[in-house]
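Asks: Here you go, one structure.
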Amino acid sequence: MVNIVNLGANKSEPRSVFFDRNDLNRLLSLYSQHVSRGVWKDYAMGASDGMATFSVFRRSADGPVYTVIKYAAGTDGQSEYVVCRGARRLRRGATLGAVLDLFEPKLTLV
């Protein structure tokens, strides 16, 4: 007797990842602070299989200066956030706040 097994039926669907409302509020707040200083001019958001991206630009014609990536939740149920500059990873963490601390101004004693 021959059993036919459809291997495509067991394939899991790619997980959709998006920034939630709190994430977007933090990202857009940071973006607006840098726009008011004249540093950033444009932003773009995207989503693909297993990740969501928020990129900021100095000029619309150039590549992104920074990209914040949210990866799908792993086996522990937590998403991972990464800040990149080009192909270089600058910071990664389990919360968005942890990776956005990179953009906080460093205080120095004068």
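Asks: Among the residues of segment 30-49, how many are open to solvent by 70 Å² or more (accessible area, probe 1.4 Å) and modelled with pLDDT of 90 or more?
Replies: Number satisfying all stated conditions: 6.
Asks: Moving on to the next point. Looking at segment 67-83, which of the residues that are modelled with pLDDT under 85 and small (G, A, S) is surrounded by the fewest Cβ atoms within 10 Å (Cβ to Cβ)? Walk me through how you get there before you give the answer.
Replies: Here is the first cut: in segment 67-83, the residues modelled with pLDDT under 85 are 73-79.
Those still in the list that are small (G, A, S) too: 73-74, 77, 79.
On the way: A73: 13, G74: 10, G77: 6, S79: 19.
Step by step, filter segment 67-83, then rank; the result is G77.
Asks: Could you run through segment 86-103 and say how many residues are closer than 18 Å to N22 by Cβ, not in a strand (DSSP E or B) and not aliphatic (A, V, I, L, M)?
Replies: Qualifying residue count, segment 86-103: 4.
Asks: Specify which of the listed residues (R15, R21, R59) is at pLDDT 90 or above and open to solvent by 90 Å² or more (accessible area, probe 1.4 Å). Give the steps one after another, and end with the answer.
Replies: Working: R15 fails: at pLDDT 90 or above; R59 fails: at pLDDT 90 or above.
Checking each option against the conditions leaves just R21.
Asks: Determine, yes or no, whether F54 is open to solvent by 100 Å² or more (accessible area, probe 1.4 Å) and closer than 20 Å to E80 by Cα.
Replies: Answer is no for this residue.
Asks: A further question on this structure: Do we have L27 as modelled with pLDDT of 95 or more and either open to solvent by less than 70 Å² (accessible area, probe 1.4 Å) or more than 22 Å from E104 (Cα to Cα) (or both) here?
Replies: Spelling it out, L27 is indeed modelled with pLDDT of 95 or more and either open to solvent by less than 70 Å² (accessible area, probe 1.4 Å) or more than 22 Å from E104 (Cα to Cα) (or both).
Asks: List every residue pair whose Cβ atoms sit under 9 Å apart, with the two residues 6 or more apart in sequence or on different chains, where the first one lies in segment 27-53 and is closer than 17 Å to L96 by Cα and the second, anywhere, is assigned to a helix (DSSP H, G or I) and of a type in the set (D, E).
Replies: A52/D23
The values are calculated or read from the model by the stated rules, or taken from the named source; none is laboratory data. Here the structure is a predicted model, which is why all the values come from computation and not from measurement. Glycine also receives a Cβ, built like all others from the backbone with ideal geometry; neighbour counts cover every protein chain displayed. When the accessible area is computed, the model is the full protein with side chains, heavy atoms only, and any ligands, DNA or RNA have been set aside. Shrake-Rupley method; radii C 1.70, N 1.55, O 1.52, S 1.80 Å.
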